[in-house]
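> Okay, here's the structure, questions in a sec.
The values are calculated or read from the model by the stated rules, or taken from the named source; none is laboratory data. In this text the structure is predicted, and so the values were computed from the model without any measurement. Neighbour counts run over all protein chains shown; Cβ positions are idealised from the backbone, glycine included.
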Amino acid sequence: MRLTDPRPQPNKGDKYANMTDHDESTGPEGYQVAAVEAWIEQNVPDLTPPFRWTRLLGGHSNLTYQLDDAQGSHAVIRRPPQGELLPKAHDMSREWALISALGPTAVPVPAALGFCEDPGVTGAWFYVMGLIDGQPLYNADDTGSRVPEGQRRKMAMSFIDVLGDLHGVNPDAVGLGDLGKKEDYVGRQLKTWYRSWNSSIEGADYDDPRAHELQRFLLDNVPEQGPARVVHGDYGLHNCLIGPDCTVAAVVDWEISTLGDPLADLAYALNPWPDPADTDPVPPEAATAPSGFPSRSELAARYADKTGRDLSGLDYYVAFNRWKSACIVHGVYARYMEGKKSADDGIDLDEMRERIGRSLALSEQAANRAA
């Protein structure tokens, strides 16, 4: 997806653990408490209203709360943000389908407790899932405070093993065969994000010939795709809850997941990890920057051993992901430049513009290795 997520992220926190109590005078944002608690009482037998509602930060602006009942049971409730949404954005039904189907597999996900598709209850679909004892890692400070150096190798291997487990799931066997189109995942992505680049040129007041040259190279050299697997689409330490034992306790935020080429998912997941061969080091603020982690090459070898997949063409997928990252950040940058998003939240637009160029440079380097 991207070198780093262009959306603002909390400096600290856990989308399912960093909490702030809601304003008792207004109630939890986006929820009609009485109606929701009545629905839960009828549909989620393990929970007994009334609840203490506690806002959980993060989660890509979805309205996410921890629910605590008087019997000591805990859960998480999640719904889209209020207001008009882009088509397919904040798809609660997709997240629910993924955690429900993957629950019995080796892929760690929160328990699927209940899904409400009646917008009359609180104005939008929502679902209830189990609370996970774990925290994501957004930056180097998170890693330093939550994962001791002696445990970082173990954590990284757990991270890559879970991705291998996900890509080992046959989607047809778990009821996910209709999650998306199975064929030509990379080719379709190349066309989609190239349209995004071209439509953002005017708003961004920025074009780069490398974006066009790389798209043509990538489109002309799409590898033959093997059997389609579930691709998370945003698999990284920011979407993995790291448990007290420093392994992945659960993978979250499945709203853009689909079916496709697992090697594209792998290359994206590997991008933030350091490697001795890198000409540009990992940014010092990155979650993977602290010492004690295995190299990106070691993680790739671990994945190959676990899955049996041939990674000789991995550089192509690295080039694809770096190019896609540039397109995504380019689109976000254009919205800021057009005034469609406010830059008052501390966004450094000059740095964002530079990131576009850096992503294209990294894509070009990988494409040259793949050629």
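> Which one of these does P110 not meet: (1) closer than 27 Å to M92 by Cα; (2) surrounded by fewer than 22 Cβ atoms within 10 Å (Cβ to Cβ); (3) touching a residue at least 40 places away in the same chain (Cβ under 8 Å); (4) out of contact with any Phe, Trp or Tyr (no Cβ under 7 Å at 6 or more places or on another chain)?
Result: P110 fails condition (2) only.
> Counting only residues that are surrounded by fewer than 22 Cβ atoms within 10 Å (Cβ to Cβ) and over 19 Å from the mean Cα position of the chain (by Cα), give me the helices (runs of 4 or more DSSP H) lying completely in the range 176-284 with at least 3 of them.
185-204, 209-220
> May I pose another question? All but one of (1) touching a Leu at 6+ places or on another chain (Cβ under 7 Å); (2) small (G, A, S); (3) within 17 Å of L113 (Cβ to Cβ) hold for G72, so report the exception by its number.
(1)
> Can you confirm whether the range 214-221 contains a residue that is at pLDDT 95 or above and under 14 Å from M155 (Cβ atoms)?
No, the range 214-221 has no match at all.
> I'd like to know if the range 345-358 contains one or more residues that are modelled with pLDDT of 95 or more, hydrophobic (A, V, I, L, M, F, W, C) and under 28 Å from G168 (Cα atoms).
No - not one qualifying residue is present in the range 345-358.
> Which of the following residues is of a type in the set (K, R), in contact (Cβ under 8 Å) with a residue 24 or more places away in the chain and over 16 Å from Y206 (Cβ atoms): R335, R353, R302, R358?
From the options R335, R353, R302, R358, the qualifying one is R302.
> Across the range 55-68, what is the number of residues that are of a type outside the set (G, A, S) and modelled with pLDDT under 95?
Qualifying residue count, the range 55-68: 7.
> Tally the residues that are closer than 23 Å to Y268 by Cβ and surrounded by 11 or more Cβ atoms within 10 Å (Cβ to Cβ), restricting the search to the range 335-371.
The number of residues fulfilling the criteria is 21.
> Restricting to the range 132-153, name every residue that is in a helix (DSSP H, G or I) and over 21 Å from the mean Cα position of the chain (by Cα).
Correct list: G144, S145, E149, G150, Q151, R153.
> Still on this structure: Could you tell me whether any residue of the range 317-324 is at pLDDT 95 or above, out of contact with any Lys or Arg (no Cβ under 9 Å at 6 or more places or on another chain), among the aromatic types (F, W, Y) and crowded, with 23+ Cβ neighbours inside 10 Å?
Yes, the range 317-324 contains at least one residue that is at pLDDT 95 or above, out of contact with any Lys or Arg (no Cβ under 9 Å at 6 or more places or on another chain), among the aromatic types (F, W, Y) and crowded, with 23+ Cβ neighbours inside 10 Å.
> Could you say which residue among D165, D161, D91 is closer than 27 Å to Q225 by Cα, acidic (D, E), in contact (Cβ under 8 Å) with a residue 40 or more places away in the chain and in contact with a helix residue (DSSP H, G or I) (Cβ under 7 Å, 6 or more places away or on another chain)?
D161
> Out of everything in the range 5-47 that is more than 27 Å from V332 (Cβ to Cβ), loosely packed, with under 15 Cβ neighbours inside 10 Å and among the polar types (S, T, N, Q), what residue ends up being modelled with the lowest pLDDT?
Among those that are more than 27 Å from V332 (Cβ to Cβ), loosely packed, with under 15 Cβ neighbours inside 10 Å and among the polar types (S, T, N, Q), it is S25.
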